[in-house]
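Let me begin by presenting the structure, written as structure tokens, before commenting on it.
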Amino acid sequence: MIPKINHTVLFELVKSLGAAEVFVALLSTLPADECHLEMTRFVDHILDGTSDDDVAIFLDVWWELMKQNEGQREKIVQAFGEEAKRYLARAGADEFCHSPKRLKLDPDVSLLSTENFSGSSSNLSIPSLLLDGLKRLKSHINPYIYKCSALAKLSDMICSSALSDTIVELPAVEYLEKFAKLIALGQPVVQKFTATECLIRRVKETERELRARYQTSAFKLPQGALSSGIETLADLFRSWEPALQTKSENGTDLQSLTAYRTAESLKYLNEICPVIQSSETVPQDAKKGLSDLLLNSTCFMQKVGSYVPLDDVATTERVKFYVAVTIIDGRMERYAEICKIFASSQAWAFSEGNWLDCLERNRDVFHDTDLVLRLVGTLKDASSCRVGETSTVKRVMNVVLDCLSALSISDKNKALVGVLSRYGSKGLCRDGGAFKSWFEEEVNMVFNSITQGEAANNIDKAVTAVARVAFLNPEATVQKTCHLAAVNLGAHKLLGQILKSLPALSFEDNQASDGRSILARCLLEAAWGSFATTKEENQFLEFLTSLMESGGRIDQEAPSPLLQPADAVKIFVLPYLIESNPGIEFPLKVLNNALKLPVTDDSTKEHWLLACCPFPLIFALSQLLDHCILCWEDSNKTSNHISIETKGLLIETLDMVCIVVEQIMSADPETWSTSVCWLYRKTERLDWTVRLWSKSIFGGHFKYEVPATLFEVCDLSDDGWSPLNIPQYGPGTGLLAWMECCCTSTHMMEQMLSHLTIDAKNVEEVNMFSKGFLIALIQVLPWCSSSEWRRLNHVVKNLLQRELLHVPYTLEYVHYMPLLNLRPFAHHLQFSQLLLRAFQLICSCSCSDWLPTAGWKYAARQCAGSMSDILESVRCKLKGHGAPNPDGSQEAIFVVVQLFCHVIHIMVMMPSDTSESLYYVSLELLSQYETLSTANTSTSGLLSKVNEKHFLHSIAENLTNEEQRSILLQKIGKIC
């Protein structure tokens with residue numbers, strides 16, 4: 001139960017304790033009618049025998065009402081309000097006793113009774129009540145500070161009423177300036193203070209004051225009463241102007257503070273004057289009175305500005321610093337904006353000892369991209385001016401990097417872009433100093449952790465670690481990443497993921513003379529001349545390809561690749577497609593991998609290859625292909641030439657480019673007709689086979705142009721084929737041209753086989769064709785890429801099956817013909833015999849200087865591949881659809897032995913140290929023989945094995961290479 005209270009006692013207690021804040025807080029919890037009633041009693045009490053103390057408490061209550069914030073009540077105040085509501089609900093609104101001042105009985109009628117106003121109390125406005133009370137208190141307000149205070153309160157109430165629900169947001173810098181001035185004027189010893197409890201309370205109080213002045217408030221005059229407020233303000237200022245103007249400049253600190261508040265309130269009123277002047281609810285007389293008032297108050301405001309302290313800049317900065325620290329520590333209103341000022345102030349950063357302490361204990365509120373960049377700017381400016389010790393700079397930088405680490409991936413990238421935009425590719429290390437030495441320490445630790453596998457299970461942690469060092473020096477970080485992607489085996493995948501999560505590192509550096517991005521420059525530096533092994537090159541290529549792939553980022557916000565395929569081709573391919581380039585294989589691999597990347601089906605977007613000059617690109621590739629014929633030329637007599645291994649990659653890449661361009665052209669053929677004609681003219685001086693590779697581009701525009709001698713062996717129509725008179729292709733070279741056509745593509749191979757004109761029943765014709773085929777084969781074999789040789793293998797098998805190619809095989813190594821059915825393996829033996837005869841011709845005296853050592857090794861590899869394919873085909877025959885075929889095991893043994901003989905014979909004929917690949921095939925054949933012979937446990941099988949081992953031993957003895965012969969003989973001897 002709330003006890004009955006004598007209001008005279010209550011109001012005198014509030015006055016004596018200066019408890020206006022508590023009184024208003026409790027008052028605000030009451031229902032509207034009760035609140036108005038209590039305020040009426042309060043004003044009645046003040047107007048009865050008014051003293052200076054009464055005026056003071058009246059103005060204080062007014063000020064607290066303006067500062068009241070509904071959402072910031074203490075628990076005890078809330079509890080009071082709830083209890084009051086319950087009590088009033090039970091006892092009624094008139095339960096409180098009425099008592100006049102000085103312990104007299106409460107009068108029957110209030111001096112501001114509700115009967116004097118129209119309507120019920122709930123419709124009455126407390127601001128109107130206070131305004132009326134101020135009018136009646138005018139003659140009792142004598143002290144200078146009370147006059148100023150009254151003018152300030154009334155001005156603020158008029159501003160709040162005029163702006164209604166409009167929030168006037170002061171710029172943060174101006175807000176802090178006003179904050180600091182109010183603090184300093186209210187606490188002159190501010191120059192020596194630290195963040196004490198007293199200061200914290202003062203800052204909170206000032207925060208409420210500024211909020212009341214510049215934010216929306218429920219404390220406003222009702223509609224129509226604004227003119228009355230303006231008239232009252234003008235009347236008060238006219239009456240008090242002489243006293244205000246003649247006031248001594250050497251007043252007390254409280255007088256200075258009050259005068260400053262009044263001047264600020266009048267300035268604010270002057271700022272919003274246009275709003276009042278444009279209002280239709282304010283009479284013209286009131287508007288004129290306001291204009292006159294503001295005009296007359298100018299002199300007063302100037303006078304106040306002349307003697308208010310804090311003219312010293314250093315003092316002002318110190319006050320603002322401590323206010324900012326208090327606001328940030330307490331997470332007070334607008335602390336986020338104050339953090340921006342705090343982070344940007346170089347004057348505070350190293351001159352105020354508590355700046356770094358505040359930053360370290362509040363680092364969580366600086367987890368923002370803008371704040372991180374502001375701190376970096378302040379730190380960089382301070383360090384460039386040699387302000388602060390190195391240890392302090394490192395402490396600040398550590399906080400900055402911790403804040404960066406706490407940001408999301410997206411915000412980390414924004415921060416990196418900010419550093420790159422401001423300081424360039426070298427970031428904070430641009431000017432050296434402490435940043436550079438610290439970066440060198442950090443970068444090694446970060447990448448050691450990554451390359452040692454510690455970050456493999458935590459990609460987020462790895463990205464954050466790299467972002468920290470990239471923040472110090474982006475370019476050096478990317479250089480380190482690209483270098484390690486090549487030389488550190490296995491780390492390229494993780495490094496690729498990290499870079500793709502930091503797309504800011506592909507920043508376009510406007511200061512770079514070549515116009516390339518940081519990432520492009522670093523990749524280019526890592527690519528040329530830095531690969532110690534082929535494995536490093538392939539790993540770097542895989543790393544580069546991953547950067548061209550979409551997706552793979554942690555945040556998954558942007559699926560676009562870090563390095564666009566078109567950009568990769570422009571950087572790594574187009575400038576280097578020249579024959580004289582010794583590293584031509586690498587750009588071809590880049591182009592090849594880029595073309596293999598999946599392309600989105602979005603028909604609205606052009607294929608990226610269009611940005612890479614596709615037709616000149618095709619011509620450049622065609623030129624390289626034309627020079628492949630020189631692959632076995634003496635390198636001392638010619639410049640760098642393209643290797644035969646690169647030819648296969650070149651053919652595959654050219655074919656892929658042509659397929660893409662053909663698809664692009666199919667949408668609008670007419671648009672590309674000029675480009676097609678240009679390409680056709682440019683390729684005229686190249687070898688005739690080059691155009692066959694690009695036939696998909698030429699399409700129906702041009703016929704197949706082939707040597708005229710090809711028409712001697714093929715029935716080709718004039719509609720699609722055109723003969724060329726080429727001096728190198730004289731009589732009898734038709735099969736050579738035919739075989740070269742077979743090499744170009746599967747489609748062309750099938751056409752050549754179908755158009756071949758040979759009468760299978762004419763023995764002489766078949767015999768002549770077979771001899772010509774063998775001659776053409778040895779002319780083509782050393783210059784065939786792997787894919788081309790596979791097509792020729794297919795041609796041989798097809799011709800053998802059709803019995804158009806006659807290859808008699810002799811068993812000169814066998815003294816007797818076992819009773820075996822060799823028909824299923826006839827083609828295998830014929831093919832092996834064909835290879836043997838081909839190498840007999842190649843290794844003859846007339847051709848002994850035809851190829852260099854590398855050419856012989858390559859020819860041996862081609863032959864070894866074919867022999868392995870024949871052996872694999874024998875295995876498949878033997879298995880018979882997956883099930884062992886015991887009936888054919890003896891025949892298979894015989895075939896394997898024959899293949900071994902052929903291989904050894906070829907090895908013996910070839911120059912020394914060129915047949916290593918065939919040696920491995922011989923080992924494979926012996927292993928297969930051992931498997932087959934071991935499975936045959938019959939008596940005849942055991943007897944045959946003895947003879948076969950003796951035979952194999954005698955064949956292996958012919959090898960000239962001591963090591964190879966020894967190993968083969970040892971392996972034969974171990975066969976049980």
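Given the residues LEU26, LEU37, LEU10, which is the only one that is out of contact with any helix residue (DSSP H, G or I) (no Cβ under 7 Å at 6 or more places or on another chain) and hydrophobic (A, V, I, L, M, F, W, C)?
Result: LEU10 is the single residue among LEU26, LEU37, LEU10 that is out of contact with any helix residue (DSSP H, G or I) (no Cβ under 7 Å at 6 or more places or on another chain) and hydrophobic (A, V, I, L, M, F, W, C).
A quick yes/no check of all residues on (1) part of a helix (DSSP H, G or I); (2) at pLDDT below 95; (3) crowded, with 17+ Cβ neighbours inside 10 Å:
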position	(1), (2), (3)
PRO808	no, yes, no
ALA826	yes, yes, no
LEU835	yes, no, yes
LEU841	yes, yes, no
ASP849	no, yes, no
ARG861	yes, no, yes
ILE870	yes, no, yes
ALA883	no, yes, no
GLY888	yes, yes, yes
Original post:
Going by the structure shown, is SER425 hydroxyl-bearing (Ser, Thr, Tyr) and under 16 Å from the mean Cα position of the chain (by Cα)?
Top reply: no
Subject >> GLY490, sole failed condition from (1) in a loop (DSSP other than H, G, I, E, B); (2) surrounded by 24 or more Cβ atoms within 10 Å (Cβ to Cβ) >> reply: (2)
Original post:
TYR335: modelled with pLDDT of 90 or more, within 21 Å of ILE183 (Cβ to Cβ) and surrounded by 17 or more Cβ atoms within 10 Å (Cβ to Cβ), yes or no?
Top reply: yes
Original post:
Which of (1) modelled with pLDDT under 85; (2) not in a loop (DSSP other than H, G, I, E, B) is the odd one out, the single condition LYS147 does not satisfy?
Top reply: (1)
**OP:** Report yes if GLY418 is farther than 15 Å from SER501 by Cα and in contact (Cβ under 8 Å) with a residue 60 or more places away in the chain, otherwise no.
**Re:** no
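If you take the residues of region 546-556 that are open to solvent by 20 Å² or more (accessible area, probe 1.4 Å) and either of a type in the set (S, T, N, Q) or part of a helix (DSSP H, G or I) (or both), which of them is modelled with the lowest pLDDT?
Within region 546-556, the match that is modelled with the lowest pLDDT is GLN556.
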Original post:
Residues in region 235-257: is at least one at pLDDT 85 or above, under 30 Å from ALA32 (Cβ atoms) and among the aliphatic types (A, V, I, L, M)?
Top reply: yes
Original post:
Are any of the residues in region 507-526 open to solvent by less than 30 Å² (accessible area, probe 1.4 Å), without any contact (Cβ under 8 Å) to a residue 40 or more places away in the chain and not polar (S, T, N, Q)?
Top reply: no
Original post:
Just a yes or no: is a residue in region 530-542 modelled with pLDDT of 90 or more, hydrophobic (A, V, I, L, M, F, W, C) and either in contact with a strand residue (DSSP E or B) (Cβ under 7 Å, 6 or more places away or on another chain) or closer than 23 Å to SER410 by Cα (or both)?
Top reply: no
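Is at least one residue of region 122-131 in a helix (DSSP H, G or I), at pLDDT below 85 and either at negative phi or touching a Lys or Arg at 6+ places or on another chain (Cβ under 8 Å) (or both)? Give the derivation first.
To start, the set of residues in region 122-131 that are in a helix (DSSP H, G or I) comprises 122-123, 126-131.
Okay, now just the ones that are also at pLDDT below 85, so 122-123.
Narrowing the set further to residues that are either at negative phi or touching a Lys or Arg at 6+ places or on another chain (Cβ under 8 Å) (or both) leaves 122-123.
Scanning region 122-131 turns up at least one residue that is in a helix (DSSP H, G or I), at pLDDT below 85 and either at negative phi or touching a Lys or Arg at 6+ places or on another chain (Cβ under 8 Å) (or both).
The values are calculated or read from the model by the stated rules, or taken from the named source; none is laboratory data. A quick note: this is a predicted structure, and the numbers were derived from the prediction, not measured. Don't worry about glycine lacking a Cβ; one is built from the backbone with ideal geometry, like all the others, and counts go over all protein chains shown. Ligands, DNA and RNA are stripped out before the accessible areas are found, and what is left, the full protein with its side chains, is counted by its heavy atoms. Shrake-Rupley method; radii C 1.70, N 1.55, O 1.52, S 1.80 Å.
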